[in-house]
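Worksheet: one structure, shown below.
Read-outs: derived from the displayed coordinates by stated rules, not from any lab. A quick note: this is a predicted structure, and the numbers were derived from the prediction, not measured. Note that each Cβ is placed from the backbone with ideal geometry, even for glycine, and that neighbours are counted across all protein chains shown.
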Amino acid sequence: MAGEIINRVSNSQLITIDLTDYAPKVSVKELDIKDFLFQGIVLKEKEFRVNLKEFDFSNYTNKTVALNCSSDAIVPMWAFMLVTSYLNSVNADIHFGIKEDVFQQIFTANINAINASKFEGKKVIVKGCGEILLTEALYIAITKKLQNTVSSLMFGEACSAVPVFKKK
């Protein structure tokens, strides 16, 4: 049939990666050490230990936890270790940082865990937008992961992809 419209994108051998597929499936709970400090700014060891002992850590059982201190207090490293020991006792998955940063750390780890061999010699497009915040760090991670494996790497959509890398 003359003038038939052919969908060249669906007939191509392009593989589209949607980074949101690698987003963490867990919600991150935040635990701020400031809440255990005297007036939120001073660590008094005896009081700090009592506050931790009296705190109900069961709310963090089997949860992903972002551990941080939001005040300008000088917090010794052992304090983070001590809080971590309590969180370990309830089988929490503990990361340092604020909630959003921990989410991005896990997201990046998921990208780094991709089996790149399934993209060996393929033409790959990484989608340029998604349902959730996609940071520069995620696009850097996928590029590092795939560049030495794929024949070409592009950004965007099949109809308007921006070339990033092409194997010579």
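Structure above, values below:
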{"read-out": "Region 28-98 - charge dipole about Cα centre, Lys and Arg +1 at Cβ, Asp and Glu -1, debye rounded to 20", "value": "140 debye"}
{"read-out": "Trypsin sites (Lys or Arg not before Pro) within region 97-158, DSSP loop, no more than 15 other Cβ atoms inside 10 Å", "value": "LYS122"}
{"read-out": "Cross-link partners of LYS46 among lysines (Cα-Cα below 25 Å; sequence separation of 8 or more within a chain)", "value": "LYS34"}
{"read-out": "Cα gyration tensor shape of the chain, rounded if a/c is under 1.5, else prolate or oblate by comparing a/b with b/c", "value": "prolate"}
{"read-out": "Charge dipole (the chain, unit charges on Cβ, about Cα centre) - positive-most of GLN39, THR135, LEU153", "value": "LEU153"}
{"read-out": "Mean Kyte hydropathy of 0.0 or more with a Cα span along the axis of at least 18 Å, helices from DSSP in the chain", "value": "none"}
{"read-out": "Cα centre as origin, Lys/Arg/Asp/Glu Cβ charges: the chain dipole, Debye", "value": "780 debye"}
{"read-out": "Order of ASP21, ASP93 under a 10 Å beta carbon neighbour criterion, fewest first", "value": "ASP21, ASP93"}
{"read-out": "Centroid-to-centroid separation of region 134-168 and region 75-100 [C-alpha atoms, Å]", "value": "35 Å"}
{"read-out": "DSSP beta bridge pairing in the chain, given as percent antiparallel to the nearest 5", "value": "25 percent"}
